[in-house]
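None of the figures in this text is laboratory data; all of them are computed from the coordinates on show. Given the structure is predicted, the values throughout are model-derived calculations rather than measurements. As a convention, Cβ positions derive from the backbone with ideal geometry for all residues, glycine included, and neighbour counts pool all protein chains shown.
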Amino acid sequence: MPTYAYLCHACGRPFENQMSIREKEEWKPRCPVCGSAKVEQQLFGFSVGGGGGTPTPGGCCPPGRGGCCG
Ligand SMILES: [Zn+2]
């Protein structure tokens, strides 16, 4: 049974749901954290290319340059 990955646009949390393809057609994705339906399916194993750079997730410094991570 495939696992589908989603990203919640409301709270920014990724989550996964395992279901069959037929179940997926019926299933309305919802964030398990905040309950929002504003979720977007993520693709496993595909690199989405050809459209500029991906934003780097913030929150920490690059390795080796410690000091501002708290
Ligand atoms: Zn959410």
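If you take all other residues with their beta carbon under 11 Å from the beta carbon of His9, and give Lys and Arg +1 and Asp and Glu -1, the sum is +1. The label point for Lys24 and the one for Lys38, both projected 7 Å from the Cα toward the Cβ, are 2.4 nm apart.
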